[in-house]
Amino acid sequence: MNHRLASAAPTRADHRAVHRNNLEVVLRHLGTVGPDSRAGIATRVGLTPSTVSRLVAELLDLGLVREVADAPSSDTPRPGRPAIQLELDGRHILALGAEISVDRITVIGTDLAGTVVYHRDRVFDAARSGPEATAAAVGRLCTRAVDTVVRKSPAHVTLAGLAVAVPGLVEVETGVVTEAPNLYWRGFPFGKVLAEVSDLPPEAIVLGNDANFAALAEYRIGSRAGTPNLIYITGEVGIGGGVIAAGQGLLGSHGHGGEIGHMKLDPKGARCGCGRRGCWEALIGLDALLREAGLDDEPTPPQGRRSARTAGAPARATGRGPRQWSASTRAARVAERARAGDKRTLAALETLARWVGIGAANLVNIFDPQVIILGGYFRHVAEWILPTARQVMVEGVLAPDAGGCELAISSLGFEAAARGAALHMIDQVIADPARLAVQAYPKWGVPGPARQRDRARRRVSEPRAASP
Ligand SMILES: [Zn+2]
């Protein structure tokens, strides 16, 4: 331990950190125990009444808490003014989560309580369009989301920020997409470009891996919420993983952990989107299932190690046909055929189930999770794959009965990553409420027609309306 540092007088940064921590403590207290008075907060969280008053004033300004009159109780009538209670507000906070997948962009907006106030899916071929055009499309969709929420809002809207879920490796600090194999992007400064094309302040944009955000959503709001040891598997063309261990996301030293889709399971197997052979993704990704089931009858994406798309590189055609349909539609086609008793489809699903079980067994041996949640397209084919996958998983795990680990289907479906991204922005606000002041309108401009922009700015600059 550095004694010189340990004994140094507190710096300004220390005070800021303490202040930020105190704001978080008050917010979490109100979020957990419900409405409370200033005096009650002070007693219960162990801060002085004057400190609590200052913190509450700041949180009121930010619209994160609101004052409500204490409901008079009939059995213990009290004389004088009713006590003022404070409760978590955040209805005017907008947290945006966007997901870029191979075939669509999803934008979800929530308030501070996580209630969805906006949801839009747009079919979009991010691989064919390239990263710049995708950034522009994400920017436009998010601007539209803000405009829509602002139009419906009785008072103002403050942006908590935008988290973008990307199917690949992401440098969280810099907003650079290191490698997104199924989009053919490599080393692209997506966060910076998105800030430029959308007028979003760079500090309001966060990038993250889609599976990690989806795992967060499952852990918080999914059917197995609160399960401290959980693994989420994305079910799209690509297969990603998000690992929650002891209630914490396991990201590794670079934030690149959880790339379970690239576990090598069959060295002589099919070529993966990453260019290698025999990755789990090449065995259980949606394209692998379509190929096995004979549903890849239209032109497929180019095989072999694809050159990564970077700024200025020519767009690569991905072919017309099933890939232009959503993953959900294509998986539904498989289910339709299976229901009709199509032999090839049923055999393909049996093969899929075995590979899901083999990979899941590896994960259970390494992480000992309580549940492995299959997301995305797996929901459509669950009834044909779960029994075999579960059996194969149990056979491959050292611990008896796979330690009781369950294989479950996501209740959040294709929304999981965008929901998790929005939840991540809410966490950021709770952890550092002052960041809202930095990102509040009118600094956060709205691109688009000037009239619309001005109207939006006027609306959001209006003083906060009285609480109903
Ligand atoms: Zn791979």
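Annotations
- Residue in the range 123-158 that is surrounded by the fewest Cβ atoms within 10 Å (Cβ to Cβ), counting only those that are in contact with a strand residue (DSSP E or B) (Cβ under 6 Å, 6 or more places away or on another chain) and not in a helix (DSSP H, G or I): V123
- Residue match in the range 351-374 (condition: of a type in the set (D, E) and over 27 Å from the mean Cα position of the chain (by Cα)): no
- Residues (over 16 Å from the mean Cα position of the chain (by Cα) and more than 15 Å from W280 (Cα to Cα)) located in the range 228-246: P228, N229, A245, A246
- Within the range 6-55, considering residues that are over 20 Å from D427 (Cβ atoms) and in contact with a strand residue (DSSP E or B) (Cβ under 6 Å, 6 or more places away or on another chain), the one least open to solvent (accessible area, probe 1.4 Å): S37
- S223 surrounded by fewer than 16 Cβ atoms within 10 Å (Cβ to Cβ), within 17 Å of A418 (Cα to Cα) and away from the ligand (no atom under 15 Å from the Cβ): yes
- A Cβ distance below 7 Å, combined with a sequence gap of six or more or placement on separate chains, defines the contacts here; from the range 274-289, residues that are of a type outside the set (D, E, K, R) reach residues that are part of a strand (DSSP E or B) and more than 7 Å from the ligand (Cβ to nearest atom) in the pairs G278/K264; C279/K264; A282/R271.
- Scanning the range 237-282 for residues that are in a loop (DSSP other than H, G, I, E, B) and either within 15 Å of the ligand (Cβ to nearest atom) or among the basic types (K, R) (or both) yields a count of 20.
- Test: residue in the range 349-362 that is more than 16 Å from the ligand (Cβ to nearest atom), at pLDDT below 95 and touching a strand residue (DSSP E or B) at 6+ places or on another chain (Cβ under 6 Å): no
- Residue within the range 378-401 that is aromatic (F, W, Y), surrounded by fewer than 22 Cβ atoms within 10 Å (Cβ to Cβ), out of contact with any His (no Cβ under 8 Å at 6 or more places or on another chain) and modelled with pLDDT of 80 or more present: yes
- Some residue of the range 364-385 being out of contact with any strand residue (DSSP E or B) (no Cβ under 6 Å at 6 or more places or on another chain), polar (S, T, N, Q) and assigned to a helix (DSSP H, G or I): yes
- Within the option set A195, A288, being aliphatic (A, V, I, L, M), closer than 28 Å to L386 by Cβ and part of a helix (DSSP H, G or I) holds for one residue only, A288.
- Boolean, P167 is open to solvent by 10 Å² or more (accessible area, probe 1.4 Å), away from the ligand (no atom under 16 Å from the Cβ) and farther than 22 Å from R144 by Cβ: no
- Among residues of the range 181-205 that are closer than 25 Å to V429 by Cβ, none has a Cβ under 7 angstrom from a residue that is open to solvent by 20 Å² or more (accessible area, probe 1.4 Å) and within 16 Å of the ligand (Cβ to nearest atom) at a sequence gap of 6+ or on a separate chain.
- Residue among E218, E236 that is modelled with pLDDT of 95 or more, in contact with a helix residue (DSSP H, G or I) (Cβ under 8 Å, 6 or more places away or on another chain) and closer than 21 Å to R379 by Cα: E218
- Where a residue in the range 245-268 is at positive phi and its partner, wherever it lies, is open to solvent by less than 80 Å² (accessible area, probe 1.4 Å) and part of a strand (DSSP E or B), with Cβ under 6 Å and at least six apart: G258/G241; G258/G242; G258/V243
The values are calculated or read from the model by the stated rules, or taken from the named source; none is laboratory data. Predicted model only: the values in this text are computed from it and were never measured. Counting neighbours? That spans all protein chains shown, and the Cβs are built from the backbone with ideal geometry, glycine included. The protein model used for the area step is the full one, side chains on, heavy atoms only, and it has no ligands, DNA or RNA in it. Shrake-Rupley method; radii C 1.70, N 1.55, O 1.52, S 1.80 Å.
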